[in-house]
Amino acid sequence: DTAVSQTPKYLVTQMGNDKSIKCEQNLGHDTMYWYKQDSKKFLKIMFSYNNKELIINETVPNRFSPKSPDKAHLNLHINSLELGDSAVYFCASSQAGEGGNEKLFFGSGTQLSVL
Amino acid sequence: GNSVTQMEGPVTLSEEAFLTINCTYTATGYPSLFWYVQYPGEGLQLLLKATKADDKGSNKGFEATYRKETTSFHLEKGSVQVSDSAVYFCALRSGYGQNFVFGPGTRLSVLP
């Protein structure tokens, strides 16, 4: 079983459209994340949820809206897609623990191409 | 704020060569340090970690030692293989509830 699964793997769409990416983890983790990886492989945190509550919200346009219906799911909805949104989006999860040494488990990524 | 700096790539080596990828960090307190690896078309996977000064993380022949005095966590491997070709990310987490901070990644290509 895949620990962190996200769909779709590839998403090609026109500028101005609205799209969603889904993520599910079966690890029982409390915390889930969305990261954006640009073409140079630089990885940037977008959002973090702990038990369905938003705890990190980096400087991300309002067109991006995360939704966590339960602690095993964190979906990402993007309105009015722009060319600059083209990137690979990774979902990840971790389990809270002392010492800050818990590790991240990543999904395999969603490659978004906006034409 | 917290940050991670890595040597710029790409790094190209011949099979069985020695590998070093430098990583230095800036953080408050005593962060935990990580190396993640991303193979082509996949998500990141934890390679190794160290949670306190002088700890050595190791996995699959890779090693890195947490050096607090130099704020470094350099990744090394004695003999690389073609299958080690990937992008390597150094990362830190400064404490419970804190965000993971990633370096920019270093692409490694190993030629047969």
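Please treat every number below as a calculation from the coordinates, not as lab data. Remember, it's a predicted structure, so these values are computed and weren't measured experimentally. Positions of Cβ are backbone-derived with ideal geometry, glycine not excepted, and every protein chain shown enters the neighbour counts.
In this simple spin-label model, placing a label point 7 Å from the Cα along the Cα-to-Cβ direction at both A:Lys41 and B:Thr28 gives a separation of 3.1 nm.
Once the Kirkwood radius over Cα pairs is known for chain B, the Stokes-Einstein relation at 25 °C and 0.890 mPa s delivers a diffusion coefficient of 175 µm²/s.
With Cα atoms defining each centre, region B:30-59 and region A:1-71 are spaced 22 Å apart in the structure.
Taking the charge dipole of the protein assembly as shown about its Cα centre, with +1 at Lys and Arg Cβ atoms and -1 at Asp and Glu Cβ atoms, the residue from A:Leu104, B:Phe18, A:Tyr89 reaching farthest to the positive side is A:Tyr89.
The H on the amide N of B:His74, modeled in the peptide plane, is under 5 Å from the matching H of B:Cys23, B:Thr65, each at least 5 residues off or on a different chain. In this label model, A:Leu27 and B:Arg67 are separated by 3.0 nm, measuring between points 7 Å along each Cα→Cβ vector.
Working value for chain A: equivalent-ellipsoid semi-axes of 24, 14, 13 Å, each the square root of 5 times a Cα gyration tensor eigenvalue, largest first.
Hydrodynamic estimate: the Kirkwood radius of region A:55-115 over Cα pairs, inserted into Stokes-Einstein at 20 °C and 1.002 mPa s, corresponds to D of 157 µm²/s.
Within chain A, what's the longest run with no GluC sites (Glu not before Pro) in a DSSP loop and at most 16 other beta-carbon atoms within 10 Å? Give the range, please. Between exposed loop sites, the widest span is A:1-57. Calculated FRET efficiency, B:Leu13 to A:Ser5, Cβ-Cβ distance, R0 = 22 Å: about 0.05 to the nearest 0.05. Note on A:Glu82 and B:Ser58: the model spin-label points, each 7 Å out from Cα along the C-beta direction, lie 4.9 nm apart.
Over the protein assembly as shown, the ratio between the Cα radius of gyration and 2.2 N^0.38 Å evaluates to 1.02. About the Cα centre of region B:7-91, how large is the charge dipole given +1 on each Lys and Arg Cβ and -1 on each Asp and Glu Cβ? Please answer in debye to the nearest 20. So the dipole magnitude of region B:7-91 works out to roughly 320 debye.
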